[in-house]
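Below: one structure, written as structure tokens.
The values are calculated or read from the model by the stated rules, or taken from the named source; none is laboratory data. Values in this document were obtained by computation on a predicted structure and should not be read as measured data. In this analysis, Cβ positions are derived from the backbone assuming ideal geometry, glycine residues included, and neighbour counts consider all displayed protein chains. Accessible surface areas use protein heavy atoms only, side chains included; no ligands, DNA or RNA. Shrake-Rupley method; radii C 1.70, N 1.55, O 1.52, S 1.80 Å.
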Amino acid sequence: MSQSPKDIAIVGSGLVGSLLAIYLRKEGHKVTVFDRRPDIRTVEFSGRSINLAMSNRGWNALQQVGLEDEIKKIAIPLYQRAMHVDGVPLYYQKYGKDDEAIWSTSRGLLNRKMIDLAEAEGTKFRFSEKVWDVDLPEAKIYTGETEKGVWEEYKFDCVFGCDGAFSRVRHKMQRRSRFDYSQEFIKVGYKELSILPNEDGTHKLDKHSFHIWPRGKFMLIAMPNIDGSFTCTLFMPFEGDISFESITNKAEAKDFFSTHFPNVMPDLDNLIGDFFKNPTSAMVTMKCFPWTYWDKAVLVGDSAHAIVPFYGQGMNAGFEDIYVLANMLKKYPDNWTLAFEEYEKERKPNADAIAELSYRNFVEMSSKTADPMFLLQKKIEKKFAAEYPEKWLPVYSRVTFSNRPYAEALALGDEQEAIMKKIMQLPNIEEKWDSEEVTNKIIELLK
């Protein structure tokens, strides 16, 4: 059954808002997207981006509307991590099987492309128009230049909040009775930096790797762009001995980079310039419930479940929201209240699970990836998974290279971790890690 066409407002023209507009237009709905920011296609990027890692869930959502091939033109497959560990030669960690990869793409480049594609489908965009209020029962939104100035009223059949972690739509929902809400900032901030291409336009580092410099309480990552550059992100505490607060001038920045990241010295001037030019941004985990109000309003993506970026799943989770939501609207074509309820019921436990997994992965990426016992554990897991793929799928692969629920990945990952804790306590595990005894012990513990 097809849906009766509705007049829909989407607040937020980011990746989730743009893709949702494409889905809704393909079902015949009239769609207007509002954004307080100017059109990203007409402005320089803000310098507060972390490159995106598109994985199975994101590609699955794009496939449904025929966009996979178009987006792959502006992305680069990454098959492995390149580990730049202090005092150790560069080494690589494969993500999964030989053909499994995450795809690096620039947030700004992808967002521009998605807006173009949404416009081509007939979406109307209203940029530089800030939404100040939402009348939930009436699906009305009010926009204006200032909060106390004259407002314009728009009436719709339904309003979708795709306006991020500090959503105006969610803010209005929060003021209703029995709405649960929490936000938690971590003590680590991030800053965007860049490594420029070689003079001939090639990449200075391996372009099919996700580069990580783990340094305990802080780390640097680098992801490739199609123009030969790398977008780097420095994650570091806001305050403390080694922190953003502690680096106040170019001499201190030079000392910091040369001490902790000596192999990026050829780009030192550029890195220092970016360090003082680009803002230091915060990271928040935000949870709420319910995500919907009757058949009149619904939250999608970060407005419903903002997470820290350490699993590369923020965009993928938001795109998966759209995929699930679209399926519910098809299942209950003219009962949007029920479709919305089923959507939030399915997605809420998975959103909470990926929030937990994302936070844990920060600990793993920044400190454990340089720990010999952790690396040995991963080696044992990889060997066992290769021999018994039907018995053991690593949690990273469950999250990144499958479309199974995040909640399932969290639960099974915890079970695997409990087993590996016992394996790592076996006497002389360093010598006999690849023995039949260890393999048999894992099989026994799995039973």
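Selection of the stretch 267-301 for residues being surrounded by 21 or more Cβ atoms within 10 Å (Cβ to Cβ), closer than 24 Å to Lys348 by Cβ and among the aliphatic types (A, V, I, L, M) yields Met283, Met286, Ala297, Val298, Leu299, Val300.
Please enumerate the residues belonging to the stretch 245-270 that are more than 15 Å from Arg215 (Cα to Cα) and at pLDDT 95 or above. Result: Glu245, Ser246, Ile247, Thr248, Asn249, Lys250, Ala251, Glu252, Ala253, Lys254, Asp255. Applying the condition of being closer than 26 Å to Asp99 by Cα and either under 21 Å from the mean Cα position of the chain (by Cα) or surrounded by 16 or more Cβ atoms within 10 Å (Cβ to Cβ) (or both) to the stretch 206-219 and asking which residue is modelled with the lowest pLDDT yields Pro214.
Hey, among the residues in the stretch 252-266 that are more than 28 Å from the chain's Cα centre (by Cα) and not hydrophobic (A, V, I, L, M, F, W, C), which one's surrounded by the most Cβ atoms within 10 Å (Cβ to Cβ)? Taking the candidates together, the pick is Lys254. Could you tell me whether any residue of the stretch 67-76 is assigned to a strand (DSSP E or B) and closer than 21 Å to Thr400 by Cβ? Yes, the conditions are met somewhere in the stretch 67-76.
Let's see how each residue does on (1) of a type in the set (A, V, I, L, M); (2) over 30 Å from the mean Cα position of the chain (by Cα); (3) buried (at least 16 other Cβ atoms within 10 Å of the Cβ):
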position	(1), (2), (3)
Leu117	yes, no, yes
Gly122	no, no, no
Phe125	no, no, yes
Ser128	no, no, no
Val131	yes, no, yes
Leu136	yes, no, yes
Glu147	no, yes, no
Lys155	no, yes, no
Val159	yes, no, yes
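Here the stretch 222-247 is the region considered, the condition is being free of Cβ contacts under 8 Å to residues at least 40 places away in the same chain and outside any loop (DSSP other than H, G, I, E, B), and the residue that is surrounded by the most Cβ atoms within 10 Å (Cβ to Cβ) is Ala222.
Within the stretch 32-88, track down each residue that is within 22 Å of the chain's Cα centre (by Cα), hydroxyl-bearing (Ser, Thr, Tyr) and more than 30 Å from Pro262 (Cα to Cα). Selection gives Ser55 alone.
Return yes when Ala353 is in contact with a Leu (Cβ under 7 Å, 6 or more places away or on another chain), among the aliphatic types (A, V, I, L, M), at pLDDT 95 or above and buried (at least 16 other Cβ atoms within 10 Å of the Cβ) and no when it is not. The answer is yes for Ala353. Of all the listed residues (Gly318, Gly273), the sole one being within 30 Å of Pro405 (Cβ to Cβ) and small (Gly, Ala, Ser) is Gly318. Among residues of the stretch 174-187 being in contact with a Phe, Trp or Tyr (Cβ under 7 Å, 6 or more places away or on another chain) and over 29 Å from Gly108 (Cα atoms), the one that is least open to solvent (accessible area, probe 1.4 Å) is Gln174. Filtered by the rule that a residue be acidic (Asp, Glu), in a helix (DSSP H, G or I) and either open to solvent by 50 Å² or more (accessible area, probe 1.4 Å) or in contact with a Lys or Arg (Cβ under 7 Å, 6 or more places away or on another chain) (or both), the stretch 356-383 gives a lone residue, Glu356. Right, Tyr190: outside any loop (DSSP other than H, G, I, E, B), hydroxyl-bearing (Ser, Thr, Tyr), crowded, with 19+ Cβ neighbours inside 10 Å and in contact with a Lys or Arg (Cβ under 9 Å, 6 or more places away or on another chain) or not? Yes. Pull up the stretch 302-317, narrow it to residues that are among the polar types (S, T, N, Q) and under 30 Å from Ala139 (Cβ atoms), then point me to the one that is surrounded by the fewest Cβ atoms within 10 Å (Cβ to Cβ). Result: Asn316.
When the stretch 28-61 is filtered for residues that are among the polar types (S, T, N, Q) and either touching a Ser or Thr at 6+ places or on another chain (Cβ under 8 Å) or over 23 Å from Glu129 (Cα atoms) (or both), the ones remaining, listed by number, are Thr32, Ser49, Asn51, Ser55, Asn56, Asn60.
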